[in-house]
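The values are calculated or read from the model by the stated rules, or taken from the named source; none is laboratory data. Here the structure is a predicted model, which means the values were calculated and not measured. Cβ atoms come from the backbone with ideal geometry, glycine included; neighbour counts cover every protein chain shown. Calculation scope for accessible area: heavy atoms of the full protein, side chains included, ligands and nucleic acids excluded. Shrake-Rupley method; radii C 1.70, N 1.55, O 1.52, S 1.80 Å.
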Amino acid sequence: MIKVGIGQDSHRFNFKSKSTALILGGYTIPNAVYGLDGNSDADVVLHSLTNAISSITTVNILGKIADNLCKEGITDSKVYLKEALKYLEGYGIEHIAISIECLVPKLSEHIEPIRGSVASICNINLDQVGCTATSGENLTPFGQGAGISSLVILTVKKQLIT
């Protein structure tokens, strides 16, 4: 059996602090002027992937579970993603498709490191992760430089027990 999940997340930039790192897919974007504002590290890529898993498992991680982890001081989105992965129970990831919208920073040189980081966190092959980025052509707040949005489509397949 094959299942498909979809997840989305967005955060505005933290224009008040230049010390906040910009993290996308577990990868820190070097020389980014601003990071994203959020209770956690605000990694929109990992949040959208976590939400895509939740759409398959029906276990909402980015809610009470992540809020409780934040209260404990755990703000690394990799922890939230790993928590979501536990609930896939018998399903293996076939493919992750990531689409990121932002005006800044330009992400073309960061696509491969983002893919590599996501593949590593999920313990899958690099060719199972696709990632694209768009400027949004000034049509949305993300295309106007106010923040970053990410959309993920996830395909999983029931694993055969041998």
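Would you mind classifying the stretch 37-113 by shape? Square roots of the alpha carbon gyration tensor eigenvalues, ordered a ≥ b ≥ c; an a/c under 1.5 is rounded, otherwise it is prolate if a/b is larger than b/c and oblate if not. Display every interim value, and only then the final one.
Numbers: a/c = 2.30, a/b = 1.21, b/c = 1.90.
It comes out oblate by the Cα gyration axes.
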(request) Any chance you could look up the accessible area of Glu89 with a 1.4 Å probe, heavy atoms only, rounded to 10 Å²? (result) 130
(message) Cut-off under 27 Å on the C-alpha distance; same-chain residues fewer than 8 positions from Lys3 excluded. Which lysines are left, in chain and number order?
(response) Lys64, Lys78, Lys82, Lys86, Lys157, Lys158
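According to the Cα gyration tensor, what semi-axes, each the square root of 5 times an eigenvalue, does the equivalent ellipsoid of the stretch 32-162 have, listed from largest to smallest in whole Å?
Output for the stretch 32-162: semi-axes of 25, 19, 12 Å.
Keeping every protein chain present and rolling a 1.4 Å probe, give me the accessible area per residue for the chain in Å². Don't skip to the answer; put the middle values down first.
Values: 8450 Å² over 162 residues.
About 52 Å² of surface per residue is accessible.
Fully extended, how many nm does the chain gain between Val104 and Lys64 (0.36 nm per residue separation, minus their Cα-Cα distance)? Before the final figure, lay out each step's value.
On the way: separation 40, 0.36 × 40 = 14.40 nm, distance 3.10 nm.
Here the answer is 11.3 nm.
Taking a ≥ b ≥ c as the square roots of the Cα gyration tensor eigenvalues, with a/c under 1.5 meaning rounded and otherwise prolate when a/b beats b/c, else oblate, which class fits the stretch 34-81? Working shown, then result.
Details: a/c = 2.43, a/b = 1.32, b/c = 1.84.
Because a/c hits 1.5 or more and a/b fails to exceed b/c, the stretch 34-81 counts as oblate.
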(request) Provide the FRET efficiency to the nearest 0.05 for the Gln144-Met1 pair, computing r from the beta carbons and using R0 = 41 Å. (result) 0.50
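Only bridges with both residues in the stretch 93-162 count here: give the DSSP antiparallel percent, nearest 5.
On the way: 8 of 14 bridges.
Taking every DSSP beta bridge within the stretch 93-162, about 55 percent pair in antiparallel fashion.
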(message) Under the rule that an exposed site lies in a DSSP loop and has at most 11 other Cβ atoms within 10 Å, name the longest stretch of the chain with no trypsin sites (Lys or Arg not before Pro) of that kind, not counting the sites themselves.
(response) 19-105
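Using a 1.4 angstrom probe on heavy atoms only, work out the carbon and sulfur share of the accessible area of the stretch 1-142 in %.
Numbers: 3710 of 7330 Å².
Using a 1.4 Å probe with all protein chains present, the stretch 1-142 comes out at 51 percent carbon and sulfur.
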(request) Show the residues, 5+ positions off or on another chain, whose built amide H is closer than 5 Å to the amide H of Glu94. (result) Thr155, Val156, Lys157
